[in-house]
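Engineer: Dropping a structure here in structure tokens format, bear with me for questions.
The values are calculated or read from the model by the stated rules, or taken from the named source; none is laboratory data. In this text the structure is predicted, and so the values were computed from the model without any measurement. Ideal geometry is used to build each Cβ from the backbone, glycine not excepted, and the neighbour counts take in all protein chains shown. Surface areas here come from the heavy atoms of the whole protein model, side chains and all, with no ligands, DNA or RNA. Shrake-Rupley method; radii C 1.70, N 1.55, O 1.52, S 1.80 Å.
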Amino acid sequence: MATLQDILQSAQGGKAAENLAERFGISSEQAHAAIQALTPALSVGLERAIQNPGNLSIIVGQLTSNLHLTSYQNAAAAQSEAGVAGGSTILSHVFGDPNVIGQIAQQASRVTGLRPELLVQMLPVVATMLAGGLMNSLKSQGFGNILSQLGSGTTSGAGTHAATGGLAGLLSSIFGGLFGAITGGANASAPSGGQSGLDALRKMLQPGSAVDPQHHAAIGEILNRRA
């Protein structure tokens with residue numbers, strides 16, 4: 001099962017770090033270090049966000065955007081104004097307070113030596129690539145038709161509230177008790193298909209084996225203060 005670092009390493013034909021390096025005027029090694037340093041924050045943030053069914057529907061709705069899939073495949077798309085805006089939208093859903101992003105960048109700066117303001121600029125680009133990579137991984141596991149339904153679900157219905165509710169209902173039926181498994185409610189003993197879907201998502205949200213445990217703990221402390 002691919003982790004977040006696996007997904008980012010495979011982005012843009014395996015050249016995501018090189019493309020980031022060229023865009024931000026740093027070495028490929030520095031770009032790779034930046035990806036490793038930022039990934040734990042996205043891992044912890046996404047994992048916490050999906051604990052709430054409403055947030056899960058929003059996150060999965062984001063994954064269905066072709067914008068992010070294109071960012072995963074193409075450096076120009078990821079670094080475009082639209083790509084950065086899309087990545088920023090994901091970050092706002094995952095972290096909420098913009099000050100949290102600054103704190104994450106400060107911590108990543110400590111382990112990479114890169115300027116925090118540079119890491120703040122890189123984070124939306126990494127986020128849009130990652131979202132597209134998650135979608136690509138889900139499709140490779142046979143969730144392509146489901147993602148298409150989810151994508152259409154976000155744009156149908158009479159208004160935002162109706163569309164979000166429809167998406168949450170669709171997710172619930174697709175994963176067969178997924179929300180119950182997340183929240184530990186009455187449906188916590190989800191069917192095997194639902195639990196497999198949840199397990200697959202959680203495994204993909206793991207940052208990867210190359211993450212420094214102390215750095216990961218520091219990121220967790222930042223997000224705990226927000227909670």
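Engineer: How many residues does segment 88-114 hold that are within 14 Å of A37 (Cβ to Cβ) and assigned to a helix (DSSP H, G or I)? It would help to see each step written out before you state the result.
Structural biologist: Taking segment 88-114 as the starting set, the residues that turn out to be within 14 Å of A37 (Cβ to Cβ) are 101, 103-114.
If we keep only those that are assigned to a helix (DSSP H, G or I) too, we end up with 101, 103-112.
Qualifying residue count, segment 88-114: 11.
Engineer: Also, I was wondering about something else. Residue pairs, Cβ under 8 Å, 6 or more apart or interchain, first in segment 14-30 and farther than 15 Å from S71 by Cβ, second outside any helix (DSSP H, G or I). List them.
Structural biologist: Note: pairs meeting the criteria are A21/S27; I26/L114; Q30/G113; Q30/L114.
Engineer: Just checking, how many residues over segment 73-83 are part of a helix (DSSP H, G or I) and closer than 21 Å to Q9 by Cβ?
Structural biologist: Taking segment 73-83 as the starting set, the residues that turn out to be part of a helix (DSSP H, G or I) are 73, 75-79, 81-83.
Right, trim to closer than 21 Å to Q9 by Cβ and you get 73, 75-79, 83.
Matching residues across segment 73-83 total 7.
Engineer: Do the conditions hold for V60, that is, is it at pLDDT below 85, open to solvent by less than 30 Å² (accessible area, probe 1.4 Å), within 21 Å of G96 (Cα to Cα) and of a type outside the set (S, T, Y)? Working first, answer last.
Structural biologist: Values: at pLDDT below 85: yes; open to solvent by less than 30 Å² (accessible area, probe 1.4 Å): yes; within 21 Å of G96 (Cα to Cα): yes; of a type outside the set (S, T, Y): yes.
Judged against the criteria, V60 is a match.
Engineer: Can you list residue pairs whose Cβ atoms sit under 6 Å apart, with the first residue in segment 202-227 being modelled with pLDDT of 80 or more and the second being of a type outside the set (A, V, I, L, M, F, W, C)? Count only pairs 6 or more apart in sequence or on different chains.
Structural biologist: Pairs found: H216/P40; A218/Q107; I219/P40; I222/Q103.
Engineer: Also, I was wondering about something else. Residues A162, A186: which one is more than 22 Å from A33 (Cβ to Cβ), loosely packed, with under 15 Cβ neighbours inside 10 Å, touching a Ser or Thr at 6+ places or on another chain (Cβ under 9 Å) and at pLDDT below 50?
Structural biologist: On the way: A186 fails: touching a Ser or Thr at 6+ places or on another chain (Cβ under 9 Å).
Going through A162, A186 in turn, just one is more than 22 Å from A33 (Cβ to Cβ), loosely packed, with under 15 Cβ neighbours inside 10 Å, touching a Ser or Thr at 6+ places or on another chain (Cβ under 9 Å) and at pLDDT below 50: A162.
Engineer: Now for a separate question. Inside segment 1-42, can you point out the residues that are among the polar types (S, T, N, Q) and closer than 18 Å to S109 by Cα? Give the steps one after another, and end with the answer.
Structural biologist: Of all residues in segment 1-42, those among the polar types (S, T, N, Q) come to 3, 5, 9-10, 12, 19, 27-28, 30, 36, 39.
Listed by number, the residues that qualify are S27, S28, Q30, Q36, T39.
Engineer: Also, quick follow-up: Restricting attention to segment 4-23, and to residues there that are at pLDDT 95 or above and open to solvent by less than 30 Å² (accessible area, probe 1.4 Å), which single residue is farthest from T128 (Cα to Cα)?
Structural biologist: Across segment 4-23, the extreme among qualifying residues is A21.
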